[in-house]
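The values are calculated or read from the model by the stated rules, or taken from the named source; none is laboratory data. Owing to the predicted nature of the structure, the values given are computational and were not obtained by experimental measurement. When we count neighbours, we look across all protein chains shown, and the Cβ atoms used for this are built from the backbone with ideal geometry, even at glycine.
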Amino acid sequence: MAINRKILTLDEFTIQQLRDFPHATGELSRLLRDMGLAAKRVNVEVNKAGLVDILGDAGTVNVQGEEVKKLDVYANDQFTGVLRHGISCAGIASEELDDYVAFDDEISKKSKYVCLYDPLDGSANIDVNVSIGTIFGVYRRVTPVGSLVTKEDFLQPGNQQVAAGYMIYGSSTMLVYATRRGVNGFTLDPSIGEWTLSHPDIKCPEIGRIYSVNHGNFFEYSEGVKKYITACQKKDKTNGGPYTQRYIGSMVADVHRNLIKGGIFTYPGTTSKPKGKLRLLYECNPFAFIVEVAGGKATNGKERILDIQPTELHQRVPFFVGSKLMMEELETYLKEDQ
Ligand code: AHM
Ligand code: MG
């Protein structure tokens, strides 16, 4: 059988990258591989979501006698389980859990990384067959290797991330991850069950035509945000006509599209929720890192997302992320709010 030499799997890719760093231990590659493995399991369950009436609702017992878990709980268990039993992660924090988890075994304690994630973002979309995703960020721990990790290891600014990524369970399943060296996208080839490099060296176009925002909250936004949205709608023929509004309500899908096509994604604060909805550690920092490495920008309206010193695990922040030139235009409006 002819072998397609053009296919590069996630493992092959990370091993190839390691060749440039002869002293690298491969720990980060193993962690990414573990995340990729858990994502494959989650993907299988996400694909079965429409069969819930046949297979059993969350909280019920299915025909095999197993308890059926809510998908976001299942996803959390998968990512936490694979990292706990792996050898490349000293502890995790998850949007699904109140507190961080320090892995208390000799091998995990010797790991230098911690991982923070939203195991299944956009889960309100599961029931209606809309793309959902996983978002994660990886940090080098600040406490000594060999000890249990502490909260300090998790409350690091996003600029300390060594890698960040997301998986999107959509019309195809993708894993996109960034290190400081670049952003690369892998599509799951279901015929061989492997992540294969499909989007090498992703760059976010400097300018695009898409803006993503929940218009339903319009009257609760600040003056600057309202003016920016209105300006997007009023662009005239001299600057290419109005922007296109696209909002899936699944940030992974919205930001992924904008990353590829160029655009801006926003979840501003509102009068009732001044800090917005999105979580700094699990959602905003990873995307800010990925989009910045790809050439874009991310802010909370006042400062760069990646420079915010977190004070609590579940902290929320207003979030604006996307193409560089569009972000710079948006920032001129956001200045009005300061
Ligand atoms: P979740 O973490 O509870 O799933 O919520 C996060 C999601 C994002 O994916 C999405 O951008 C946002 O919530 C949509 O919220 P809204 O419906 O308020 O616009
Ligand atoms: Mg979420």
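The helices (runs of 4 or more DSSP H) located wholly in region 249-338 that include 2 or more residues which are under 16 Å from the mean Cα position of the chain (by Cα) occupy 251-261, 285-293.
Inspect all residues belonging to region 226-235 and state whether any of them is under 22 Å from E12 (Cβ atoms) and not in a helix (DSSP H, G or I).
no
Residues considered: F103, F136. Of these, the only one that is outside the structural domain of V293 (by TED's automatic domain parsing), aromatic (F, W, Y) and more than 20 Å from the chain's Cα centre (by Cα) is F103.
Within 27 Å of D72 (Cα to Cα), surrounded by fewer than 17 Cβ atoms within 10 Å (Cβ to Cβ) and away from ligand 2 (no atom under 16 Å from the Cβ) - does that describe any residue in region 227-240?
no
Considering every residue within region 133-153, establish whether at least one is modelled with pLDDT under 95 and more than 18 Å from L330 (Cβ to Cβ). No: region 133-153 contains no residue that is modelled with pLDDT under 95 and more than 18 Å from L330 (Cβ to Cβ). Restricting P205, P274 to residues that are within 17 Å of E328 (Cβ to Cβ) and not assigned by TED's automatic domain parsing to the domain that holds T14 narrows the list to P205.
For S123, the conditions (1) more than 15 Å from A75 (Cα to Cα); (2) small (G, A, S); (3) within 13 Å of ligand 2 (Cβ to nearest atom) all hold with the exception of (1). Considering only residues in region 191-206 that are surrounded by fewer than 17 Cβ atoms within 10 Å (Cβ to Cβ) and closer than 14 Å to V291 by Cβ, the one that is nearest to the chain's Cα centre (by Cα) turns out to be K203. For K151, the conditions (1) out of contact with any Gly (no Cβ under 6 Å at 6 or more places or on another chain); (2) within 16 Å of ligand 1 (Cβ to nearest atom) are fulfilled apart from (2). Within region 267-297, the residues that satisfy the criterion of being under 29 Å from I207 (Cβ atoms) and more than 16 Å from ligand 2 (Cβ to nearest atom) are P268, G269, T270, F289, V291, E292, V293, A294, G295, G296, K297.
Considering region 112-128 alone, what residues qualify as being in a strand (DSSP E or B) and either aliphatic (A, V, I, L, M) or out of contact with any helix residue (DSSP H, G or I) (no Cβ under 9 Å at 6 or more places or on another chain) (or both)? Talk me through it step by step, then tell me what you get.
Let us first name the residues in region 112-128 that are in a strand (DSSP E or B), namely 113-121.
Within region 112-128, V114, L116, L120 meet the criteria.
Of everything in region 41-61 that's in a helix (DSSP H, G or I) and over 27 Å from the mean Cα position of the chain (by Cα), which residue is modelled with the highest pLDDT? Here the residue is D53. Residue count for region 99-128 under the criterion of being surrounded by 15 or more Cβ atoms within 10 Å (Cβ to Cβ), within 16 Å of ligand 1 (Cβ to nearest atom), closer than 26 Å to I305 by Cα and not polar (S, T, N, Q): the result is 7.
This table checks each residue for (1) outside the structural domain of L278 (by TED's automatic domain parsing); (2) touching a strand residue (DSSP E or B) at 6+ places or on another chain (Cβ under 7 Å); (3) at pLDDT 95 or above.
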position	(1), (2), (3)
G216	no, no, yes
E223	no, no, yes
D236	no, no, no
N239	no, no, no
R246	no, yes, yes
V252	no, yes, yes
N258	no, yes, yes
G263	no, yes, yes
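Condition check ((1) touching a residue at least 60 places away in the same chain (Cβ under 8 Å); (2) under 19 Å from D121 (Cβ atoms); (3) within 12 Å of ligand 1 (Cβ to nearest atom)) across all residues:
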position: I207; (1), (2), (3): yes, no, no
position: N239; (1), (2), (3): no, no, no
position: F265; (1), (2), (3): no, yes, yes
position: P274; (1), (2), (3): no, no, no
position: G295; (1), (2), (3): yes, no, no
